[in-house]
Amino acid sequence: MDNFRLKLGMLGSVGLIIGITTLGAAILLNGVLGLNFIWTLIFIVPFFLLQWYYGPKMVEYSMRVEEAPRNKYPELHRIVEDISRKVRIDKPKVMISDMEMPNAFAYGNFSTGKKVAVTKGLLNTLEDEEVEAVLGHEMGHITHNDAEVMMFLSILPAIFMMLGRTLLWSSFLGGRRRNGGALIVVALGAMFFYFLLNLAILWFSRLREYYADQFGATSVYEGSRKLQEGLVKIENQMARLKEKGQRRQATAGGSASNSLGLNPLGSGMKALFIADPDVEASSENLSDREMVEKYKQKTPGVGKKLFEIFTTHPELSKRLKALDQYK
C-alpha cells in the first residue's frame with residue numbers, strides 16, 4: 001500500500017465513521033424521544049473522558065509496566081532519544097513491561113505525558129536493531145497521536161451501544177407499553193449502527209498500523225528490513241508461547257484463554273500492541289530472512305480474509321509486503 005493510498009484510506013475511514021455516526025444519530029433521533037439519547041450522551045461521554053484520563057494507569061496495571069531506569073536500560077533510552085531527535089518531537093518516557101509476551105506499545109495523555117513501552121519478552125526475543133525498528137513504529141503512533149484518536153473514536157460506537165441497551169431494557173421492563181415495539185426496533189437499529197461503527201474503526205486501526213510501520217521504516221536506518229525481521233520474530237515467539245501455555249493448561253486441566261499471560265483488561269488493549277497476540281503462526285527454526293520470505297509468500301484464504309475484518313492489526317504477510325516499498 002503506497003503512501004497516497006494509505007492516507008486516502010485513512011481519510012476515507014474517518015469519513016465513513018463520521019458518516020455512519022451522523023446517519024445513525026439522524027435516524028434514531030427521529031425514532032425515539034430526544035431525552036433518551038441526550039441522557040445517554042450525558043452519562044456515556046463523561047465515562048469515556050474518565051477512561052481516557054485514567055487509561056494510562058489501567059495500561060500500566062494490566063501490563064505490569066514501570067519506568068525503565070536509564071542505568072539498567074541505557075540502549076532503550078538512547079534509541080528513543082535518537083528517534084525523537086530525528087523526527088523532532090519531545091522524548092517520551094521509556095517504560096518496561098514485566099511480561100514474557102514479546103510486544104511494544106505507546107500510550108499516555110496530557111496528564112501523564114507520552115510513553116513508549118516494551119516488554120521484557122521483546123528484549124529477550126529481538127536483536128537491538130530490531131528493537132530499534134519496533135520503537136520507531138511505536139514512536140509513529142506517538143507522532144500521529146493515535147492513542148487519543150482511538151479513544152475519541154471508541155466513544156462513538158459506545159453511544160449507540162448504550163442507547164440500544166437502554167431502549168431494550170425500557171421495552172422489556174414495560175416502560176411506555178404502547179410504544180414497546182417501536183422501542184425494540186430503534187434499539188436494534190442502534191445496535192446495528194454500533195456494529196457498523198466498530199467495523200469502520202477496526203479498519204481505521206489496521207490502516208494506522210500500516211502508517212506506523214511506514215514511520216518505523218523511514219525513521220530508522222534500514223528500518224524496513226529490521227521491522228520485517230522483528231515482526232516475524234514477535235509473531236513466531238508469541239505462537240510458541242501460546243502453544244506452550246495451551247499445553248501447560250491442558251495438562252493442568254485449566255482454560256487456555258490466558259496462555260499469553262494477559263488478564264481480561266490487557267486482552268482488551270490489543271489495539272495498543274505492535275502485533276496482535278491472537279496469532280496462528282507456526283513456530284519453525286528458520287533464519288531471519290527465511291522467516292520473512294516465508295510469511296510474505298503466505299496467501300490468506302477466504303476465512304482469514306473475513307477474520308481480518310474483525311481484527312485491530314493487518315495480516316502479517318500484508319504488513320511485510322507493504323514494508324518492501326520503503327527499502
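The values are calculated or read from the model by the stated rules, or taken from the named source; none is laboratory data. All figures in this text were calculated on a predicted structure; none of them were measured in a lab. Here the Cβ positions follow ideal geometry from the backbone for every residue, glycine too, while neighbour counts run over all protein chains shown. Accessible surface is based on the protein model in full, side chains and every heavy atom, while ligands, DNA and RNA are left aside. Shrake-Rupley method; radii C 1.70, N 1.55, O 1.52, S 1.80 Å.
Note on the stretch 138-151: among residues that are in a helix (DSSP H, G or I) and open to solvent by 30 Å² or more (accessible area, probe 1.4 Å), the one that is modelled with the highest pLDDT is Thr143. Candidates in the stretch 284-327 are the residues that are among the polar types (S, T, N, Q) and in a loop (DSSP other than H, G, I, E, B); of these, the one that is most open to solvent (accessible area, probe 1.4 Å) is Asn285. Remark: Leu199 falls outside the filter, which requires a residue to be open to solvent by 40 Å² or more (accessible area, probe 1.4 Å) and over 21 Å from the mean Cα position of the chain (by Cα). What residue, among those in the stretch 103-117 that are open to solvent by 10 Å² or more (accessible area, probe 1.4 Å) and in a loop (DSSP other than H, G, I, E, B), is nearest to Gly230 (Cα to Cα)? Ranking the qualifying residues of the stretch 103-117, first place goes to Thr112.
Scanning the stretch 90-125 for residues that are under 21 Å from Trp52 (Cβ atoms) and among the β-branched types (Val, Ile, Thr) turns up Thr112, Val116. Just one of (1) more than 30 Å from Arg225 (Cβ to Cβ); (2) modelled with pLDDT of 80 or more fails for Leu135. It is (1). Residues being more than 21 Å from Tyr211 (Cα to Cα), hydroxyl-bearing (Ser, Thr, Tyr) and part of a helix (DSSP H, G or I) are represented in the stretch 123-130 by at least one member.
This table checks each residue for (1) at pLDDT below 90; (2) more than 20 Å from Lys115 (Cβ to Cβ); (3) of a type in the set (A, V, I, L, M).
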position	(1), (2), (3)
Leu153	yes, yes, yes
Phe160	yes, yes, no
Met191	yes, yes, yes
Tyr194	yes, yes, no
Leu207	no, yes, yes
Tyr211	no, no, no
Ser224	no, yes, no
Leu227	no, yes, yes
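Determine if the stretch 60-78 includes at least one residue that is within 19 Å of the chain's Cα centre (by Cα) and surrounded by 20 or more Cβ atoms within 10 Å (Cβ to Cβ). Yes.
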